[in-house]
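Presented below is the structure to which this report refers.
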């Protein structure tokens, strides 16, 4: 992994955990990992289990942001969520834990727009925003 | 098709294409897709044989962009499939609805490194909106139907479906299943935006003094060109357009400042840098548009309208985000603001002043041909509904700067991916979708050679495509950057040993002519455009001609440089 230039920066870059519900299609794991890598995150832990019917897959994905843009990493996490959310087989993405550190979250447009992230319900999303604040 | 009677997977594939309204497909046969080609033999769906799978993929894109329908391309397994990938990446970058069908080795051989086997599903993950591999015959109809739905829904894009050979020959039951639309209804584009967002947008517009409409390719793709022009007419807000949006804003709009970005007009870039409100309509803050992002439109609040939620806040914070189909959101915005009286008078005067000061006259008193003047002349000579495709490089930017279009579907160029070799096959697809329309490719001597084999496709189908080949015997755009940013170290950009393009075209029965002087242009255009069939006009220009103005890479758009002496 790329070493951060500034040690204090590293402290702010903690792991984030996503819970993802997806259709249990053969390519879905690769898709999730491909999007995660391409958007600048590395995976520190990953588990995937089919539900009781075998039709759905419950994934838990813990990621760490690479050094691409260190000062806005929490809003970048939301961007990763919206990118994962676009994948056809994915039904739901839930940002389970997010470290705040000293990073200031700027309003990122989501709070203005209930429809900008369709698979989050309103309350989930405002909950998510308020957790950050 | 009369189903149930000896219906194979291959027959079913063609039957689904018909159901989806597909009339023309582009492809290249090979071992693992032979059963589908056998079904094509007596299908009403017309297949066009290109001479390279990459050509077939660009033809499908040209077809889709000219017609608004889904473009379809086919290839065999292995190298056939990998050759499609550049086209799929291009369609992904420019959000073009394309369905690619690939043959695959039989299911029993899969995973054994069989002859012409490649994991095309794995390879396509990063350059398709979605991909399917059919493992059982029962999945075939569902996946094919879904492929078409996904390609067109929301933000369009390419979808690949990989069909193993044994599935193609299996007995199939076409059930024409009422494939649950609901499955797709969950997707982002079905969301409905709250009315309050439009009220918020109206307030932001009312309180702004210097608003700009930054218009992107999404407008044309959403079929919302008329809505956009209504919005502009009602508000008289000055506007700028991206490469993909050229043709969206009517040239009759007085405050239209043309293209912004790296090779845009200085007027457009200056106005955007000065504006206090950026109303982004179907655009995504591409780096060729913004220049140095931190310094882009530094005083502006942002209203971002786009169908793709993932574009909101991706590169620029949005104060108001409206993620809906522009066909819905633009009328909603108009409704929210049409009763308002706006006064942007001072700003409009400023924009007119910028437009006047910065409009570079494109005159050519030289004997040698100056490509921007030539292309402006060509644009004035073409029919109103003519379709122009381009390749990638200097000629592409000159075409974007000087040619005028009445609709974005008239300018088909590889924007996001910037794919050389795009122009000729894209023109083939466009001409096939619109046989009676004048179709012209503007190409460069570098790009032309990248899919030159498609001249054989033009010949085969007797397509009246006109090719204007701007030849500076260089990889001109790279050469220009070497001159400006790499101390004139012209590494590997000299093409002065190009083939004789007239002889080359003639070998494909394409009429061709070379011109080198300005006074030959007019007659040459007459001859080309009045010629019944395909025509190649080979235009020699000065190797040192550059594209101006220019925002150097990683530089603010306010530091645009104009022609150096």
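Tell me the label-point distance for the pair residue A:92, residue B:195, using the 7 Å Cα-to-Cβ offset, in nm and rounded to one decimal.
3.1
Quick check: from the Cα gyration tensor, does the protein assembly as shown come out rounded (a/c under 1.5), prolate or oblate?
Values: a/c = 1.62, a/b = 1.05, b/c = 1.54.
The shape class here is oblate.
Quick one: grab the alpha carbon gyration tensor of chain B, order the square roots of its eigenvalues as a ≥ b ≥ c, and give me rounded if a/c is under 1.5, else prolate or oblate depending on whether a/b is larger than b/c. Walk me through the intermediate numbers first.
Values: a/c = 1.98, a/b = 1.22, b/c = 1.63.
Oblate.
Peptides A:15-21, B:516-522, B:415-421: what's the order by average Cβ count within 10 Å, highest mean first?
Details: A:15-21: 18.1, B:516-522: 13.4, B:415-421: 22.0.
Ranking the peptides A:15-21, B:516-522, B:415-421 by packing returns B:415-421, A:15-21, B:516-522.
Just the number, please: percent antiparallel of the DSSP beta bridges in the protein assembly as shown, rounded to the nearest 5. Before the final figure, lay out the partial values.
On the way: 28 of 90 bridges.
Restricted to the protein assembly as shown, the bridges split so that about 30 percent are antiparallel.
With r defined as the distance between the Cβ atoms of residue B:562 and residue B:407 and R0 fixed at 25 Å, what FRET efficiency is calculated, to the nearest 0.05?
On the way: r = 30 Å, r/R0 = 1.21.
In this case the efficiency is close to 0.25.
Taking neighbour counts of Cβ atoms within 10 Å as a proxy for exposure, in what order, fewest first, do B:50, B:7 appear? The partial results should precede the final answer.
Details: B:50 28, B:7 18.
So the residues, fewest neighbours to most, are B:7, B:50.
Which whole number gives the average, over all residues in B:314-324, of C-beta atoms from other chains lying within 10 Å of the residue C-beta?
If you average over the peptide's residues, the count of other-chain Cβ atoms is 5.
In whole Å, how far is the Cα centre of the stretch B:115-176 from that of the stretch B:531-565?
41
Per-residue mean of other chain beta-carbon atoms within 10 angstrom of the beta-carbon, peptide A:78-88? Walk me through the numbers on the way to the answer.
Details: counts 2, 6, 1, 2, 9, 4, 1, 4, 10, 2, 12.
Across the residues of A:78-88, the mean count of other-chain Cβ atoms within 10 Å is 5.
Considering only C-alpha atoms, what is the centroid distance from the stretch A:25-66 to the stretch B:467-519, in Å?
Computed from Cα coordinates, the inter-centre distance equals 48 Å.
Within a 10 angstrom radius of the beta carbon, how do B:52, B:299, B:304, B:407 rank from fewest other beta carbons to most? Present the calculation step by step, with values, prior to reporting the outcome.
On the way: B:52 22, B:299 11, B:304 29, B:407 15.
Fewest to most other Cβ atoms nearby, the residues stand as B:299, B:407, B:52, B:304.
So what is the calculated 222 nm ellipticity per residue for chain B, using -39500 (n - 2.57) for each DSSP H run with n of 4 or more, over all residues, to the nearest 500 deg cm²/dmol? Could you put the intermediate results ahead of the total?
Working: 23 runs with 213 residues, N = 565.
It lands at -11000 deg cm²/dmol.
For an R0 of 45 angstrom, estimate the FRET efficiency from the Cβ-Cβ distance between residue B:526 and residue B:357 and round to the nearest 0.05. Could you put the intermediate results ahead of the total?
Working: r = 35 Å, r/R0 = 0.79.
The formula returns an efficiency of 0.80 here.
Counting only other chains, and only Cβ atoms inside 10 Å, what mean value do you get across the residues of B:305-312?
Values: counts 0, 1, 0, 4, 14, 11, 3, 10.
The mean count of partner-chain Cβ atoms within 10 Å per residue comes to 5.
At what distance in nm do the modelled label points of residue B:207 and residue A:45 sit from each other, each positioned 7 Å from its Cα along Cα→Cβ?
Each label point is offset 7 Å from its Cα along the Cβ direction, giving 4.5 nm.
Let me know the shape class of the stretch B:50-122, please: from the alpha-carbon gyration tensor, a ≥ b ≥ c as square roots of the eigenvalues, rounded when a/c is under 1.5, otherwise prolate if a/b is greater than b/c, or oblate. Don't skip to the end; give the middle numbers.
Working: a/c = 2.59, a/b = 2.34, b/c = 1.11.
Prolate, because a/c is 1.5 or more and a/b exceeds b/c.
How many angstrom separate the Cα center of the stretch B:10-34 from the Cα center of the stretch B:248-269?
So the two Cα centres are separated by 42 Å.
Place the peptides B:8-21, A:39-52, B:135-148 in order of packing, highest mean first, counting for every residue the other Cβ atoms within 10 Å and averaging per peptide.
On the way: B:8-21: 20.9, A:39-52: 13.4, B:135-148: 19.1.
Sorting B:8-21, A:39-52, B:135-148 by mean packing, highest first, produces B:8-21, B:135-148, A:39-52.
Mind sorting B:258, B:527 by how few other Cβ atoms lie within 10 Å of their own Cβ, fewest first? Walk me through the intermediate numbers first.
Details: B:258 20, B:527 13.
Ranking B:258, B:527 by Cβ neighbours within 10 Å, fewest first, gives B:527, B:258.
No lab work stands behind these numbers, since they all come straight from the coordinates. Keep in mind it's a predicted model, so treat the numbers as computed, not measured. So basically every Cβ, Gly included, is an ideal-geometry build from the backbone, and we count neighbours across all protein chains shown.
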